[in-house]
Amino acid sequence: MSEFLSPRTLAEALKLRSAHPDFTVLSGGTDLMVRATERDYPVGTIDVFSLKEMRGVCESDAALSIGASTPYADLLRSDVVLTMLPNLHAAIREIGAVQIQERGTIGGNIGTSSPVGDTLPCLLALDAEVELRSQNNTRRVAYSDFCTGYRKTQLGADELITAIHIPRPAKGTRLFWRKIGTRRAQAISKVMGAASFRIEEGVVSHARIALGAVADRPRRVEAAEQRIQGEKPSERLATEVAAIVRSDVKPIDDVRSTASYRLDVAVNIVRRFVLELV
Amino acid sequence: MKIRMQVNGAARELETEPMRRLLDVLREDCGLTGTKEGCGEGECGACTVLIDGKPVNSCLVPVGQVHEAELLTVEGLSDGELLTDVQRALVEHGGAQCGICTPGIAVTAESLIRREKNLDHARIRELLAGNLCRCTGYQRVVEAVAEAAAKRGGAGDE
């Protein structure tokens with residue numbers, strides 16, 4: 001029988017994590033449990049889904065902090081998420097359906113860091129930081145550095161993802177989200193795009209453009225961000241930014257879509273984001 | 001691992017591998033075969049049960065996570081022969097055909113009408129999007145749930 005550990009406090013969870021680096025950390029299970037009967041049971045499991053200290057949303061002047069074990073359903077019911085981070089709210093609303101939203105957590109999405117994780121392009125566009133804790137240390141890592149490859153992250157063997165911190169968008173910031181999949185609910189995404197543009201006196205002073213399902217990990221398109229920064233939005237600019245995306249992004253063929261379709265969609269998503277500013 | 005839980009109001013205690021799927025424990029250990037397996041990967045909703053009132057895919061929940069939880073399965077909906085409003089409306093509207101998705105739909109819809117008022121057709125479609133049905137085309141399911149919701153005090157008609 002495999003060991004199943006259900007810590008009641010974060011301190012206890014961190015102690016168990018340190019003692020059992022080979023155990024699987026389980027949150028809502030919506031990814032880990034897919035087709036579970038086709039695999040052996042893990043040696044052991046540390047269940048962090050119900051840890052109260054890792055749940056809930058906390059707003060400060062500077063940031064919104066979300067506990068890693070907060071289920072999507074709780075975030076959908078949060079007025080502050082809806083008003084401060086409407087693109088993240090929209091992304092979460094399109095994850096699975098109610099059954100998945102009640103179990104899936106933002107920390108789980110980050111821990112798995114699948115290229116098709118639906119919150120991840122938003123976290124990149126919002127400059128989110130992941131809070132990682134071990135028994136002796138707490139550190140924060142930008143999500144853009146946290147994910148290091150296909151389902152690979154910087155998470156240490158003695159660490160837990162405890163929270164995500166998202167800076168409050170500056171005044172004049174416009175946030176965008178677009179997911180393309182076979183249908184709105186349940187379907188795993190073919191391409192997702194998220195963006196954050198700050199407009200000051202008619203000029204884009206800060207730009208983040210992120211895409212999902214077009215690379216081995218969720219990624220920003222820095223070259224496109226740099227092209228738009230300092231510019232006044234125009235149709236010509238949208239076309240130029242779209243051309244940068246076309247040359248910079250290299251999606252693949254797989255069961256859900258083709259490289260050429262994904263590329264066209266990614267280009268169109270970003271062009272429309274910029275056109276929205278005109 | 002020893003699991004204690006409430007299933008449809010009755011206390012249950014069993015000793016089992018904690019990473020077994022709740023779906024399998026309900027069907028094999030508890031004899032509650034109303035909960036169906038469709039896809040086994042959280043896409044179809046046929047295995048929906050309520051954990052502490054919340055709809056979840058029981059194929060994605062290891063039973064270790066429901067220790068001390070309250071579960072409701074399709075068997076716990078009706079009071080003997082007395083069907084719930086949702087169940088009766090599904091029958092009357094023809095919102096079921098082959099039947100394999102029906103337990104999941106009945107359980108999900110029950111949780112929705114308990115938790116949300118003013119369910120219009122669009123909202124019902126969004127909230128039932130995780131319950132796939134290959135027979136009915138959904139229209140009669142949506143009409144049935146809207147009628148049941150209206151009976152419970154939320155406006156259901158469009």
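Any read-out appearing in this document is the output of simple, stated calculations on the displayed coordinates, not a laboratory observation. Computed from a prediction, not measured in an experiment: that's the story for all the values here. Glycine also receives a Cβ, built like all others from the backbone with ideal geometry; neighbour counts cover every protein chain displayed.
For the reader, a short list of remarks on this structure follows.
- Under Karplus coefficients 6.51, -1.76 and 1.60, residue-wise ³J(HN,Hα) of region B:114-125 in Hz, glycine/proline x: 6, 9, 10, 9, 6, 7, 8, 4, 5, 5, 4, 4
- Taking A:T105, A:T148, A:T45 and counting other C-beta atoms within 10 Å, the order from fewest to most: A:T148, A:T45, A:T105
- Relative contact order of region B:1-111, taken over Cα pairs closer than 8 Å and 6 or more residues apart, is 31 percent.
- Amide H contacts under 5 Å for B:V61, placed H, 5+ residues apart: B:L22, B:L23
- Pair A:S234, B:A11: separation of 7 Å Cα→Cβ label points (nm): 7.6 nm
- Note, ³J(HN,Hα) from phi for region B:15-21, Karplus 6.51, -1.76, 1.60, rounded to Hz, x at Gly and Pro: 10, 7, 5, x, 8, 5, 6
- Computed from Cα atoms, the angle from the helix A:10-19 axis to the main principal axis of chain A rounds to 80 degrees.
- Candidates B:G34, B:G42, B:G80: whichever shows maximal mean-square fluctuation once chain B is modelled as a Gaussian network with Cα springs under 10 Å: B:G80
- Ranked by how many other Cβ atoms sit within 10 Å of their own Cβ, fewest first, the residues A:C147, B:C98, B:C44 fall in the order B:C98, B:C44, A:C147.
- The chymotrypsin sites (Phe, Trp or Tyr not before Pro) found in region A:150-216 that occupy coil by DSSP, while having at most 14 further C-beta atoms within 10 Å, are A:Y150.
- Diffusion constant of region B:85-151 at 20 °C, which comes from Stokes-Einstein with the Kirkwood Cα-pair radius and 1.002 mPa s, µm²/s: 188 µm²/s
- Between 0 and 90°, nearest 10: helix B:139-151 axis offset from chain B longest Cα axis: 90 degrees
- Residues whose placed amide H lies under 5 Å from that of B:G38, excluding near-sequence neighbours: B:A46, B:C47
- The phi torsions of region B:74-80, fed into the Karplus equation with coefficients 6.51, -1.76 and 1.60 and a -60° offset, translate into couplings of 4, 5, x, 6, 7, 9, x Hz, rounded to whole numbers, with Gly and Pro shown as x.
- Directionally averaged shadow of chain A, computed from the convex hull of its alpha-carbon atoms, nm²: 14.6 nm²
- Inter-label distance for A:E59 and A:A157, nm, one decimal - labels placed 7 Å from Cα along Cα-to-Cβ: 4.3 nm
- Across A:K152/A:K179; A:K171/A:K232; A:K52/B:K54; A:K179/B:K54; A:K15/B:K2; A:K152/A:K250, pairs whose alpha-carbon gap is larger than 21 Å: A:K152/A:K179; A:K179/B:K54; A:K15/B:K2
- Counted over chain A, the DSSP beta bridges are approximately 85% antiparallel.
- Estimated distance in nm for a label pair at B:K151 and A:D145, the labels positioned 7 Å out from Cα along Cα-to-Cβ: 5.9 nm
- Euclidean distance between Cα centres, region A:37-64 to region B:47-121, Å: 26 Å
- For the pair A:D248 and A:D264 in one chain, pulling the backbone fully straight at 0.36 nm per residue adds 4.5 nm over the alpha carbon distance.
- Taking N as its residue count, the alpha carbon Rg of region B:2-76 over 2.2 N^0.38 Å: 0.96
- FRET efficiency for the pair A:A223 and A:R184, taken as 1/(1 + (r/R0)^6) with r the Cβ-Cβ distance and R0 = 22 Å, rounds to 0.10.
- Principal-axis tilt of helix A:235-248 within chain A, Cα atoms, nearest 10 degrees: 50 degrees
- Region A:99-163 and region A:169-221: distance between their alpha carbon centers, rounded to Å: 18 Å
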